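Enquirer: My structure is below; once you've seen it, I'll send some questions.
The values are calculated or read from the model by the stated rules, or taken from the named source; none is laboratory data. Every value quoted in this text rests on a predicted model; they were computed, and no experiment measured them. So basically every Cβ, Gly included, is an ideal-geometry build from the backbone, and we count neighbours across all protein chains shown.
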Amino acid sequence: MSIARIGGKACFVLLMLSAGALRADELDLEHIPCFGMNIGYLHKGKLYSVDRAIRDQKGESLSKTRVWAIPFLPRIGGPGTATFSYFKGFNYGKGIVLGIEDTVIQRLHWRIAEGAFWAGDVIPGGQLPVWRIPWDDMAFYEASNAHGEAMHTKKYSGAPGMGSGDAYYYLPLVDFGEEVTRKQGRWGPLGGEVEEGSVQYDWLPLPDDSVVAFALCENQLTIWHQHGKCDQPNDVWPRTTEGGTIPAGFQEAFFALKPRDSESSTERNEYYFITASGSVYRCWKKETKPRVVEALWKAPGHPIRGFISDVESGRIFVFGSVTKPVDGGAPEDTDRRFYFELPPWGDWIDCKYYSQADVKDLKYEGPVKKVVDYVQVLEKAKLLPLKKRE
């Protein structure tokens, strides 16, 4: 236990990219990916985040997911410096622009890692597609790019349409979901879906051309690795190994993270899970001992609400809010915010506090405002640009 230093074939539809300007009334704050977590990635001098616009200025439905790009060096700026891009819908090269249902956007997990933009919908009992778009291919999916599909086909030597070459069905999770669904008596001729909340999934791309996947059911965590390159259209990961099932100590939606900056993280093969309720768990294997899951941060009244991940350095900072006073403190304590880095330095969590009043209001809204605030906090701490930990 760490010591806290307080005070110190289901079809997933990908929608992609068309530059636009900020319109605050487009955003429905209740429709945020990944169970409402505020997620920001720093990559090549820009802050990236994702939200969902469901209406335009006339009040008409949009039902579009968008990616924000905000320059943050030398300092992060206001909406006038930002652009956002809509995802272009596709369905195996047919060029169909489709919306995403509310339940899907809330389940959407996305990340920037290993030279690609990754997005996946966790459909219990379904085929769990994970979309991997190489960063250099993002222009193919611009909604304003009429030649995107032809460019994709040319680059990949006649691959049968956009999307088909970038979709991977993580088969171990498919089989796991089907097995649980059958046990629950919810499987029929057209398939089925597990009881709500009874199974939770996530996955992580790793540097060695592999992906690790996690399935959480009845407080037990099952782990798989699939190995091989993702450069073959219509291919699945060619080789799978199971990492076993271990007690997890929690049963709720989670987002998996793996810092790549510390020697200890590499040696221990550590993974971190941020849960929907705001706790942090560490899944690790210390020396010759069996892999375990332990609660790293489970502080009452101090839920984690989001994180900033720096792609180049591999460093990750998680951010939270104080919802209850600490140790009988004054009610005004609930205006405080805090952050700390993963992995912790040794067994100490160096938790640093700040007030929301210390953060300049740059006039963003929703999850984008939150991650812009997080970057301002890192700026004030003189941490940007982030460097690899030594």
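Enquirer: Name the single residue, out of those in region 224-251 being of a type in the set (Ser, Thr, Tyr) and farther than 16 Å from residue 273 by Cβ, that is modelled with the highest pLDDT.
Expert: Of all residues in region 224-251, those of a type in the set (Ser, Thr, Tyr) come to 240-241, 245.
Applying the additional criterion that residues be farther than 16 Å from residue 273 by Cβ yields 240-241.
Numbers: 240: 75, 241: 79.
Applying the filter and picking the extreme gives 241.
Enquirer: May I pose another question? If we scan region 177-193, do we find a residue that is at pLDDT below 70, assigned to a helix (DSSP H, G or I) and within 27 Å of residue 212 (Cα to Cα)?
Expert: For region 177-193, residues at pLDDT below 70, assigned to a helix (DSSP H, G or I) and within 27 Å of residue 212 (Cα to Cα): absent.
Enquirer: Pairs needed: first member in region 297-308, among the aromatic types (Phe, Trp, Tyr); second member anywhere, outside any strand (DSSP E or B) and surrounded by 20 or more Cβ atoms within 10 Å (Cβ to Cβ); C-beta distance under 8 Å; at least 6 residues apart or different chains.
Expert: 297/279; 307/37; 307/374
Enquirer: Here's another thing I want to ask about it. Which members of region 345-363 meet the condition of being buried (at least 17 other Cβ atoms within 10 Å of the Cβ) and in a loop (DSSP other than H, G, I, E, B)?
Expert: 351, 359, 362
Enquirer: Okay, moving on. Only one residue in 288, 323, 266 is in contact with a helix residue (DSSP H, G or I) (Cβ under 9 Å, 6 or more places away or on another chain), loosely packed, with under 15 Cβ neighbours inside 10 Å and either modelled with pLDDT under 95 or of a type in the set (A, V, I, L, M) (or both). Which one?
Expert: Exactly one residue qualifies, and that residue is 323.
Enquirer: Sticking with this one: Name the pairs: first residue in region 270-291 and farther than 14 Å from residue 246 by Cβ, second residue among the hydroxyl-bearing types (Ser, Thr, Tyr) and assigned to a strand (DSSP E or B), Cβ to Cβ under 8 Å, at least 6 apart or on different chains?
Expert: If the second residue must be among the hydroxyl-bearing types (Ser, Thr, Tyr) and assigned to a strand (DSSP E or B), the pairs left are 272/281; 275/281; 280/272.
Enquirer: As an exercise: evaluate residue 164 against (1) surrounded by fewer than 21 Cβ atoms within 10 Å (Cβ to Cβ); (2) at pLDDT below 80; (3) at positive phi and give the number of the one condition it does not meet.
Expert: (3)
Enquirer: Can you tell me how many residues within region 269-285 are more than 17 Å from the chain's Cα centre (by Cα), surrounded by fewer than 19 Cβ atoms within 10 Å (Cβ to Cβ) and on the phi < 0 side of the Ramachandran plot?
Expert: The number of residues fulfilling the criteria is 1.
Enquirer: I'd like the full set of residues that are within 24 Å of the chain's Cα centre (by Cα) and assigned to a loop (DSSP other than H, G, I, E, B), limited to region 364-383.
Expert: Result: 364, 365, 383.
Enquirer: Just checking, which of 88, 94, 58 is of a type outside the set (Gly, Ala, Ser), touching a helix residue (DSSP H, G or I) at 6+ places or on another chain (Cβ under 8 Å), more than 25 Å from residue 274 (Cα to Cα) and modelled with pLDDT under 90?
Expert: 88
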